[in-house]
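I have placed the structure first, in the form of structure tokens, so that the comments after it can refer back to it.
The values are calculated or read from the model by the stated rules, or taken from the named source; none is laboratory data. Because the structure is predicted, anything quoted here is derived from the model rather than measured. Cβ placement follows ideal geometry from the backbone for every residue including glycine, while neighbour counts extend to all protein chains displayed.
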Amino acid sequence: MSATSSTTVPSFRGRIGCDARSGYYAAPQRYRLHLSLSCPDSLQIAIAHSLLGLGDTLPVTLLPSLPDASDGGHLALRPLYEASSHLHPGPAVAPVLSDNWTGTIVSTHTSDILRDLARRFAGPGPDLYPRGAEEDMEVVVRLCDESVTVAAQSAGRCDSDSAAREAALATLLGALHTLDRRLASREYVLGGELTLADVWLWVTLVQLDLVHRHHLDAAAVHRITEHPHVWAYARRLAAHPAFGSHLDLEGIVRRHHAHCQGMEAAGAAVQIVDWLAYAPREGVRTVRQCR
């Protein structure tokens, strides 16, 4: 999976190898994930971590919903960044996969982390990255990133002309139509089994409803809702404990308001999914945290 939903260029691209001859190899308790669940990249990783049943193998540290450093990073991650890259010039952002043995960062690249979790760590969960399905998953990731997320952002830009916004909305609706037809005959986006493609798509739909919708007019949001199989799928996965239990609804809203400079539109009042019905009670998380 080569795409990433983050707009920040990843600083570290280490990979987990398959045996002890690799510099980084899978070993219980060797690594740690540092995640902020208001961030879509972190949310994807948290879901995959739960689906794979890695709570006892790979501990997770949850970070605040909003970065607490003046440069937009997390203060708790600064020592890791400094240990991994002396005088690291950028913010200390999540997600991070760190190596407890060396006290340094392995990777900040979401796609690589997801693939390594699925391929390198033995857990009781499903095969989220099945061999032979890589190309199909790339297609879904590109559709989510380019034809849903980027298109939704462009459709809601108040500083572009109406023709550009309409073109972007058409791209978004076309992508949702493609996904709706696919999900009309399949339980999951690639067939009968959950994969990382479902994790990517579900988080994309969460962001579409909770973030990008706020900058679309009511007519556009109504057209987005006219894809019943897509939104039934979103609700079904939200009810799965590995998905809905990681929703940080307040954090997502706060993160959006902290970074967004666009104007709110009429579509902000037309929420598509009642995500609150699936989110955990305040302070309850199923991600394992090391104290």
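Things worth noting here:
- Among the residues listed as T178, T195, the single one being hydroxyl-bearing (S, T, Y) and in contact (Cβ under 8 Å) with a residue 60 or more places away in the chain: T195
- Of the residues examined, V139 is one that is among the β-branched types (V, I, T), surrounded by fewer than 17 Cβ atoms within 10 Å (Cβ to Cβ), modelled with pLDDT of 95 or more and more than 16 Å from V211 (Cβ to Cβ).
- Near pairs, Cβ below 8 angstrom, 6+ apart or cross-chain, from the range 266-282 (under 13 Å from V206 (Cβ atoms)) to any residue that is modelled with pLDDT of 90 or more and of a type in the set (D, E): Q271/D209; I272/D209; V273/D209; W275/D209; A279/D248
- Unique match (being surrounded by fewer than 14 Cβ atoms within 10 Å (Cβ to Cβ) and either closer than 24 Å to H214 by Cβ or touching an Asp or Glu at 6+ places or on another chain (Cβ under 7 Å) (or both)) among A152, A164, A175, A184: A164
- Residue within the range 135-150 that is in contact with a His (Cβ under 9 Å, 6 or more places away or on another chain), in contact (Cβ under 8 Å) with a residue 24 or more places away in the chain and either among the charged types (D, E, K, R) or outside any helix (DSSP H, G or I) (or both) present: no
- Of the criteria (1) more than 22 Å from Y24 (Cα to Cα); (2) in contact with a strand residue (DSSP E or B) (Cβ under 6 Å, 6 or more places away or on another chain), which one T61 fails: (1)
- D217 being among the acidic types (D, E) and more than 19 Å from the chain's Cα centre (by Cα): yes
- Against the test of being of a type in the set (K, R), closer than 22 Å to L143 by Cβ and modelled with pLDDT of 95 or more, the options R236, R213 yield a single qualifying residue, R236.
- Cβ pairs under 6 Å, 6+ apart, first in the range 75-93 and in contact (Cβ under 8 Å) with a residue 60 or more places away in the chain and of a type outside the set (V, I, T), second buried (at least 17 other Cβ atoms within 10 Å of the Cβ) and in a helix (DSSP H, G or I): H88/Y81
- The range 47-81 - residue that is surrounded by 21 or more Cβ atoms within 10 Å (Cβ to Cβ) and closer than 24 Å to C260 by Cα and, of those, nearest to the chain's Cα centre (by Cα): L63
- The helices (runs of 4 or more DSSP H) located wholly in the range 175-240 that include 3 or more residues which are farther than 19 Å from Q44 by Cα occupy 218-225, 228-238.
- Qualifying residue in the range 212-223 (condition: β-branched (V, I, T), closer than 18 Å to D145 by Cβ and either in contact (Cβ under 8 Å) with a residue 24 or more places away in the chain or crowded, with 22+ Cβ neighbours inside 10 Å (or both)): no
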